[in-house]
Amino acid sequence: TTETEHTLRTPIVAVLGHVDHGKTSLLDRIRGSAVTAGESGAITQHIGATAVPLDVISDIAGELVDPTDFDLPGLLFIDTPGHHSFSTLRSRGGALADIAILVVDVNDGFQPQTLEAIDILKRTQTPFIVAANKIDTVPGWNPNENQPVQQTMDAQSERVTSDLNEKLYELIGELSDNGFSADMYWRVQNFQANIGVVPVSAETGEGIPDLLTVMMGLSQRYMKEEMEIDASGPGVGTVLEVKDTQGFGTTLDAIIYDGTIHKDDTIVVGGLQGPIVTDVRALLRPRPLEEIRTEQQFEQVDAVAAADGVKIAAPDLDDAIAGAPIRVLRDRDRAEVIAEVEEELSEIEVTTQEEGVVVKADTLGSLEAISSTLEEEEIPIMRAEVGAVAPRDVRVAETANEPTHRAILAFSVDVLEDARHLAEQEDVTLFEDDVIYQLVEGYDDHVTEIQE
Ligand code: GTP
Ligand code: MG
């Protein structure tokens, strides 16, 4: 007999925003480590997860957080590189993240990836707050390391305060243009109806106490019921990345959001050719306050309970797809679990037609996001798949009758050299971009050109 053990899991927080607006720096500041410094060109190479336990949050937030007010165990932050779509962060029926922080550079305002993030937050109905970052760059700013934001704002000159307020109200205006009512977080009563804006600086730590307080409070207030899980049940998760790990071959960076995965479990994972059934060889995990991607020496663990990031080593993972589901078999019926994974994979499948464009994307989530954008614009799709652009994709594209449909839209994937040559030969146009709406815009411009 299995005992059900109801526990509150850690809420999953996605950190999103335009390139260089400060996502990694913010998490870095929270972690107190120097991930940014070690990154090549200060660009986040991989998606990572950072668990911040409640006592650490309460240390950072000081008087703003009384740990006895909370029974959630902390927050699990997922960093997403700006050049990559965060739409990998999916789970059955929607977003993997329970809540999100949209990071916006106060000087730069809304940029293409900010809008892309907003679109996906809207579509998946994920509650979020806006971190208005880099407040320390307002000319004349007088930094007060790690202070709550209202305290440090009170310590600024009138001129600086009014400069900052002007920028903040521009952000609030942009949110309103995108259909969200927003205000400074301290004026927000109901975080479900209004978006709170938290001014912060990843550089000086100003406003970080507020940011953590708001995230913790929001989770506790609105998410608590959803956080109740049977922690001893068979694990369920999402693949963030499929990659080679020295000594372990192809591994999965995954987020487990329900139940537990054990090192001797059999798992079912979504793959390019359908579900993969395989036995876990090792579970590798970073310690709290560190990130999967910075960990050199992985620690082997016996089990990982939701919610947490874990690297899974197992045979036969070469075909696994980023964004695909992972389910632990344990004592469940094998055929039933395989059918569940199959069903989840088919939910993502895009409606294709006899005539239309070819779409290739890096993850299931981004494929889903692009396809829904194309659908909204009534652009038909003939084939939609995860993976690099290969000659056979060109062969499919050239069968289109409409000249405007002889096109391949490639999102964050490689184009094989022979596919590129073939496309030129066969008059198939290639569109490549890392931002969904720019990709679609590029295609739209091309269509207009043809029609003129
Ligand atoms: P991608 O992962 O490439 O999308 O970028 P990111 O959003 O993670 O930005 P990152 O944290 O790498 O920061 C980009 C640059 O902005 C770095 O040079 C940071 O040092 C700088 N930066 C980030 N936050 C702040 C801030 O609050 N103040 C100042 N002055 N600089 C900041
Ligand atoms: Mg980054």
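All of the numbers you see were taken from the coordinates with simple rules; none came from a lab. These figures come from a predicted structure and were not determined experimentally. Positions of Cβ are backbone-derived with ideal geometry, glycine not excepted, and every protein chain shown enters the neighbour counts.
Brief remarks on what is shown
- Oblate is the label for the range 300-342, because a/c, from the alpha-carbon gyration tensor with a ≥ b ≥ c as root eigenvalues, is 1.5 or above and a/b does not exceed b/c.
- Legend: ranking of residues Glu228, Glu417 from fewest to most surrounding C-beta atoms inside 10 Å; resulting order Glu417, Glu228.
- Backbone HN-Hα couplings from phi across the range 324-330 [Karplus 6.51/-1.76/1.60, Hz, Gly and Pro as x]: 7, x, 10, 9, 7, 7, 6
- Placed amide H near Gly74: partners under 5 Å, 5+ positions off or other chain: Leu54
- Taken one residue at a time, the phi angles of the range 310-319 give Karplus couplings (6.51, -1.76, 1.60, θ = phi - 60°) of 8, 9, 9, 9, 7, x, 6, 9, 4, 8 Hz. Gly and Pro are set to x.
- Between Ala193 and Glu377, the contour length at 0.36 nm per residue exceeds the Cα-Cα span by 63.4 nm.
- The range 376-448 and the range 299-314: distance between their alpha carbon centers, rounded to Å: 38
- Summing charges over neighbours of Leu218, with a neighbour being any other residue whose Cβ is under 14 Å away from its Cβ, gives -3 when K and R count +1 and D and E count -1.
- Mean shadow area of the range 169-292, taken as a quarter of the surface of its Cα convex hull (nm²): 11.8
- Summarising the amide proton neighbourhood of Val103: residues at separation of 5 or more, or on other chains, whose placed amide H is nearer than 5 Å comprise Leu16, Gly17, Ala131.
- Prolate is the label for the range 77-223, because the ratio a/c of its alpha-carbon gyration tensor axes (a ≥ b ≥ c) is 1.5 or higher and a/b is greater than b/c.
- Distances between placed amide hydrogens fall under 5 Å for Asp308 paired with Ile256, all partners being 5 or more residues away or on another chain.
- Couplings 3J(HN,Hα) for the range 125-138, derived from phi with the Karplus relation 6.51 cos²θ - 1.76 cosθ + 1.60 (θ = phi - 60°), are 6, 8, x, 8, 10, 9, 9, 7, 8, 6, 4, 5, 8, 5 Hz, where x marks Gly and Pro.
- If both residues of a DSSP beta bridge must be in the chain, then about 55% of such bridges are antiparallel.
- Among the lysines of the chain, pairs that are 8 or more positions apart or on different chains and have alpha carbons within less than 28 Å of each other number 18.
- Taking Phe191, Phe110 and counting other C-beta atoms within 10 Å, the order from fewest to most: Phe191, Phe110
- The residues neighbouring Thr266, those whose beta-carbon lies less than 15 Å from its own, together hold a net charge of -2 under the Lys/Arg +1, Asp/Glu -1 convention.
- Of His6, His21, the sequence from fewest to most neighbouring Cβ atoms within 10 angstrom is His6, His21.
- Cα-based shape type of the chain, given that a ≥ b ≥ c are square roots of the gyration tensor eigenvalues and the cut on a/c is 1.5: oblate
- All other residues whose Cβ lies under 15 angstrom from that of Thr250 are scored, Lys and Arg at +1 and Asp and Glu at -1, for a net of -4.
- Taking Cα centre as origin and charging only the Cβ of basic (Lys, Arg, +1) and acidic (Asp, Glu, -1) residues, the dipole magnitude of the chain rounds to 1060 debye.
- Sites Asp59 and Gln150, calculated FRET efficiency, Cβ-Cβ separation with R0 25 Å, nearest 0.05: 0.80
- Packing-based ranking of 299-306, 195-202 yields 195-202, 299-306, ordered from highest to lowest mean Cβ neighbour count within 10 Å.
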